[in-house]
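In what follows, a single structure is set out as structure tokens and then discussed.
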């Protein structure tokens with residue numbers, strides 16, 4: 001091999017930079033040994049790396065020859081039909097797998113699980129803390145998150161918004177007490193299944209914080225604005241003998257984002 | 001010579017030939033290297049993180065070094081990430097370096113792809129390597145998405161929610177895709193484990209394998225180059241692999257690692273202790289994904305509801321925005337080299353790069369796409385902008401709808417005419433003579 005011009009002495013700035021980086025690395029070692037790793041160590045390491053890097057790169061610039069070399073392949077070179085087809089085949093197999101695996105996993109049970117909630121006829125509503133909700137305790141303007149009794153932890157899709165309104169303001173599926181109209185909705189936005197919030201009492205609307213879909217709770221959860229495509233599903237309510245809120249059954253529609261088998265789920 | 005001595009001399013010859021391989025130098029060729037070194041930093045820091053991470057959503061009361069969350073119910077996953085951050089040696093720096101490296105990784109890939117696009121480096125014989133590169137870009141974004149959810153904080157959980165809704169929305173196979181990627185319905189006990197597996201095993205292995213292929217093709221096909229310094233379709237001009245190019249590359253690797261560690265040490269990122277633990281009944285405001293997925297988030301906000309019912313089956317609008325739009329963008333990227341080759345009837349191989357102005361139509365299309373994605377990215381925080389400007393958020397939505405339709409078009413037209421004007425100026429000034437290689441050097445190169 002032609003050794004001429006290959007072994008060149010590094011330029012002085014490079015030597016200094018790499019030398020300082022080496023010194024820093026030794027310092028970092030002593031630091032760890034003496035004090036253990038601390039927040040300053042990261043800064044020291046980054047300085048060592050950056051200094052060493054600048055030194056090496058500058059050395060490389062100085063040592064870089066100005067060479068010409070023939071490209072060994074001309075024209076289309078390595079791009080042979082075979083290679084393209086080969087990669088195409090790999091992509092094709094991957095794509096087929098990306099359809100075949102989910103297709104195999106797309107069982108009726110999986111589809112049903114997507115639409116399932118833990119609400120059953122007669123299930124009592126509880127707060128996040130698991131406390132039963134007395135119908136008389138709901139005042140106009142109150143808003144709370146409810147779950148089916150015993151399912152506060154695992155029932156992500158069962159989360160429900162219980163809303164109190166001035167008497168006569170709520171539409172269908174309402175419970176009327178002396179103080180308020182009570183309605184309950186799925187808390188999952190029908191756009192991307194984010195939990196809705198931000199109750200605007202004057203307009204009777206809730207807003208989804210993720211993509212700003214707005215639903216009218218006085219009109220059966222109708223979409224007022226934003227990217228959601230369908231109304232918030234309602235939870236038909238009743239009051240048991242003890243005066244606590246109970247569900248008459250599941251939501252009026254599948255909760256959250258729509259999906260292919262939703263109407264069947 | 002046969003036997004080990006023969007093998008050794010063969011290896012030696014190959015190594016010397018490799019050391020003499022000439023690589024052209026241009027700052028824009030470093031973007032791909034920055035991406036590669038970010039990936040190495042990601043793997044290194046990721047090995048540390050995954051040693052201590054627990055992919056477990058079971059709730060436990062927090063008992064750790066971070067006082068404000070003492071006793072709060074958090075998931076075991078969230079707990080483990082807080083432990084890494086506050087109690088493992090250098091854990092906080094390593095975790096933040098990992099997140100910064102992910103942002104730089106995708107950023108460098110996008111800039112690298114833009115460089116390759118605008119200079120026509122994707123043309124024959126490099127169409128295959130372009131498709132590998134586009135695949136790598138998609139895998140990088142996907143890996144980042146799944147990693148974002150792992151700390152199981154409120155923001156990461158919200159992000160996983162959006163991804164789950166996309167998976168579910170796919171016609172026919174949607175529920176199966178959700179089973180495959182997320183282990184079933186959102187919040188099921190296997191979900192974090194599934195995301196962890198994708199993030200630390202499946203996707204990084206795919207990236208590593210394709211990256212090796214990408215580099216092998218660059219090596220075998222030689223690097224493209226701008227005209228000048230004697231380079232032409234048959235000759236590469238530049239610096240030999242050893243020592244010049246190797247030293248420069250090693251230096252760049254150390255600099256990239258140094259900058260990422262500095263960012264990880266000094267600039268707070270993904271503060272899960274501020275976001276708080278995941279709560280299925282809450283979402284954060286404001287909530288944005290990492291920058292490279294913000295274009296999808298922006299589109300989700302400004303595109304109107306378009307739920308469709310086919311044969312009694314539903315296709316919800318997230319499918320069009322979250323699945324079809326990215327698929328369309330990536331399909332355009334994959335197809336472009338083949339489409340352009342057909343359109344301009346070019347079947348030759350190219351090793352010399354175009355300057356962007358030399359192909360006004362290609363440049364205009366590329367600019368229009370980049371500007372469209374940028375407008376969508378800006379729309380990803382339109383609720384915050386509406387608050388800052390004190391206008392209703394729906395007016396902001398309308399502004400972005402118009403902007404997404406008009407601004408890319410204007411940018412494309414402006415790019416087209418800028419290219420034409422630059423070319424016109426050059427012609428008026430007379431073409432700059434392209435330097436011819438020194439005959440002696442050329443003879444030496446041809447002699448091998």
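The values are calculated or read from the model by the stated rules, or taken from the named source; none is laboratory data. Fair warning: this is a prediction, and the values are worked out from it, not measured in the lab. No Cβ is skipped: glycine too gets one built from the backbone with ideal geometry, and neighbour counts run over all protein chains shown.
So the values come out like this:
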{"item": "Flag for residue A:75 being facing chain B (nearest Cβ under 9 Å), over 40 Å from the mean Cα position of the chain (by Cα), at pLDDT below 90 and surrounded by 15 or more Cβ atoms within 10 Å (Cβ to Cβ)", "result": "no"}
{"item": "Check on residue A:125, modelled with pLDDT of 90 or more, outside any loop (DSSP other than H, G, I, E, B) and within 30 Å of residue B:166 (Cα to Cα)", "result": "no"}
{"item": "Condition check for residue A:53: more than 12 Å from chain B (Cβ to nearest Cβ) and either without any contact (Cβ under 8 Å) to a residue 60 or more places away in the chain or assigned to a helix (DSSP H, G or I) (or both)", "result": "no"}
{"item": "When residues of region A:170-200 are limited to those that are touching a strand residue (DSSP E or B) at 6+ places or on another chain (Cβ under 6 Å), part of a loop (DSSP other than H, G, I, E, B) and more than 9 Å from every other protein chain (Cβ to nearest Cβ), the one surrounded by the most Cβ atoms within 10 Å (Cβ to Cβ)", "result": "A:180"}
{"item": "Test set (1) touching a strand residue (DSSP E or B) at 6+ places or on another chain (Cβ under 9 Å); (2) buried (at least 19 other Cβ atoms within 10 Å of the Cβ); (3) closer than 28 Å to residue B:154 by Cβ - residue A:203 fails condition number", "result": "(2)"}
{"item": "Qualifying residues in region B:1-23 (those that are at the interface with another protein chain (Cβ under 10 Å from one of its Cβ atoms) and touching a residue at least 60 places away in the same chain (Cβ under 8 Å)) - the one surrounded by the fewest Cβ atoms within 10 Å (Cβ to Cβ)", "result": "B:19"}
{"item": "Helices (runs of 4 or more DSSP H) contained entirely in region B:224-317, each with at least 3 residues that are within 25 Å of the chain's Cα centre (by Cα)", "result": "B:246-266, B:294-302"}
{"item": "So residue B:162, is it more than 10 Å from chain A (Cβ to nearest Cβ), surrounded by 24 or more Cβ atoms within 10 Å (Cβ to Cβ) and either free of Cβ contacts under 8 Å to residues at least 24 places away in the same chain or at negative phi (or both)", "result": "no"}
{"item": "Filter result (surrounded by fewer than 18 Cβ atoms within 10 Å (Cβ to Cβ) and within 16 Å of the chain's Cα centre (by Cα)) within region B:29-66", "result": "B:33, B:40, B:43"}
{"item": "Failed criterion for residue B:207 (all others in (1) at the interface with another protein chain (Cβ under 10 Å from one of its Cβ atoms); (2) under 22 Å from residue B:115 (Cα atoms); (3) in contact with a helix residue (DSSP H, G or I) (Cβ under 7 Å, 6 or more places away or on another chain) hold)", "result": "(1)"}
{"item": "Flag for residue B:431 being modelled with pLDDT under 90 and closer than 30 Å to residue B:337 by Cα", "result": "yes"}
{"item": "Hits in region B:214-252 - residues which are surrounded by fewer than 22 Cβ atoms within 10 Å (Cβ to Cβ) and under 15 Å from residue B:37 (Cα atoms)", "result": "B:214, B:215, B:246, B:249, B:250, B:252"}
{"item": "Any hit, region A:222-243, residues being under 24 Å from the mean Cα position of the chain (by Cα), part of a strand (DSSP E or B) and facing chain B (nearest Cβ under 9 Å)", "result": "yes"}
